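Heads up: the structure comes next, in structure tokens.
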Protein chains: 2
Amino acid sequence: MPTIKNVELTKKANIYFDGKVTSRGFVDENGVKKSLGIMMPGEYTFGTNEAEHMEIISGKVEILIACGDSNWETINGGEYFEVPANCSFEIKVLEITDYCCTYIA
Amino acid sequence: MPTIKNVELTKKANIYFDGKVTSRGFVDENGVKKSLGIMMPGEYTFGTNEAEHMEIISGKVEILIACGDSNWETINGGEYFEVPANCSFEIKVLEITDYCCTYIA
């Protein structure tokens with residue numbers, strides 16, 4: 001199974017929407033801030049500070065990025081989407097979804 | 001916030017009980033196998049292969065260890081319990097619970 005080496009892992013979980021979305025923050029060996037998270041089926045809105053690269057490890061979501069002229073897009077396991085800084089996105093989680101978020105400084 | 005340095009983090013999540021319990025496995029710098037996980041309120045039974053040291057980072061649970069003569073015990077955030085190898089335990093999760101499991105080889 002793929003692993004990420006030489007990571008500094010934050011012990012305390014990030015818990016959002018009453019536990020329907022949770023994640024673990026870490027910094028990789030290049031100093032890049034990331035998180036690995038789980039989203040339960042449901043609809044959520046997230047705001048971004050830095051730009052974000054959202055890799056869907058497994059699961060299925062639909063997303064609508066608030067800034068710019070975008071439409072609802074389906075993202076499956078193995079695919080990704082990106083959200084600009086200081087923006088927000090709506091997400092419909094259709095199946096339990098495992099993701100990796102990279103914060104693009 | 002406390003972090004764990006020089007970790008090898010498994011990217012894919014462990015998902016149990018339809019997502020009510022999820023965790024991320026990792027190996028620490030001493031080669032010890034661990035996982036950081038979240039349990040949603042509910043009642044679950046887990047079996048052990050290796051012995052396990054279960055640190056409750058935050059939350060509240062009640063546990064009953066199957067082997068040996070034990071009674072239900074309440075474990076709060078900041079406390080821990082241990083389960084022998086090849087045993088099982090019942091757990092009543094009273095609040096969203098963040099935990100760190102160390103597998104004792």
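The values are calculated or read from the model by the stated rules, or taken from the named source; none is laboratory data. Since this is a predicted model, take the numbers as computed values, not measurements. Every residue, glycine among them, receives a Cβ derived from its backbone with ideal geometry; neighbour counts consider all protein chains shown. With ligands, DNA and RNA removed, areas are computed over all heavy atoms of the protein, side chains included. Shrake-Rupley method; radii C 1.70, N 1.55, O 1.52, S 1.80 Å.
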Within the stretch A:1-57, residues in contact with a Gly (Cβ under 7 Å, 6 or more places away or on another chain) and among the hydroxyl-bearing types (Ser, Thr, Tyr) come out as A:Thr10, A:Thr22, A:Ser23, A:Ser35
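When you look at A:Ile38, is it among the hydrophobic types (A, V, I, L, M, F, W, C), touching a helix residue (DSSP H, G or I) at 6+ places or on another chain (Cβ under 8 Å) and not in a loop (DSSP other than H, G, I, E, B), yes or no?
Here the answer is yes, as A:Ile38 does meet what is asked.
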Mind checking which pairs have a first residue in the stretch B:84-98 that is closer than 17 Å to B:Trp72 by Cβ and a second that is polar (S, T, N, Q) and open to solvent by 60 Å² or more (accessible area, probe 1.4 Å), Cβ under 9 Å, 6 or more apart or different chains? B:Ser88/B:Thr45; B:Phe89/B:Thr45; B:Glu90/B:Thr45; B:Ile91/B:Thr45; B:Leu94/B:Thr74
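Look through the stretch A:73-105, keep the residues that are among the aromatic types (Phe, Trp, Tyr) and farther than 13 Å from A:Glu43 by Cα, and return whichever of them is surrounded by the fewest Cβ atoms within 10 Å (Cβ to Cβ).
Kept after step one, since they are among the aromatic types (Phe, Trp, Tyr), are these residues of the stretch A:73-105: A:80-81, A:89, A:99, A:103.
Filter once more, keeping what is farther than 13 Å from A:Glu43 by Cα: A:80-81, A:99, A:103.
Numbers: A:Tyr80: 14, A:Phe81: 17, A:Tyr99: 24, A:Tyr103: 17.
For the stretch A:73-105, the residue satisfying everything is A:Tyr80.
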What is the one condition in (1) surrounded by fewer than 20 Cβ atoms within 10 Å (Cβ to Cβ); (2) within 13 Å of chain A (Cβ to nearest Cβ); (3) within 14 Å of the chain's Cα centre (by Cα); (4) assigned to a strand (DSSP E or B) that B:Ile4 does not satisfy? (3)
Any residue at all in the stretch A:55-68 that is surrounded by fewer than 16 Cβ atoms within 10 Å (Cβ to Cβ), closer than 30 Å to A:Asn6 by Cβ and out of contact with any Asp or Glu (no Cβ under 8 Å at 6 or more places or on another chain)? no
Residue pairs meeting the criteria (Cβ under 6 Å; at least 6 apart or on separate chains; first at pLDDT below 95, in the stretch B:1-19; second assigned to a strand (DSSP E or B) and open to solvent by less than 50 Å² (accessible area, probe 1.4 Å)): B:Met1/A:Thr10
State all residues of the stretch B:30-52 that are out of contact with any Lys or Arg (no Cβ under 9 Å at 6 or more places or on another chain), within 21 Å of B:Ala105 (Cβ to Cβ) and either free of Cβ contacts under 8 Å to residues at least 60 places away in the same chain or not charged (D, E, K, R) (or both); if no residue qualifies, say none. B:Asn30, B:Gly31, B:Val32, B:Phe46, B:Gly47, B:Thr48, B:Asn49, B:Ala51, B:Glu52
Restricting attention to the stretch A:46-105, which residues are within 14 Å of chain B (Cβ to nearest Cβ) and either in contact with a His (Cβ under 8 Å, 6 or more places away or on another chain) or more than 23 Å from B:Ala13 (Cβ to Cβ) (or both)? A:Tyr80, A:Cys101, A:Thr102
Of everything in the stretch B:7-39 that's more than 15 Å from the chain's Cα centre (by Cα) and open to solvent by 80 Å² or more (accessible area, probe 1.4 Å), which residue is farthest from the other protein chains (Cβ to nearest Cβ)? B:Asn30
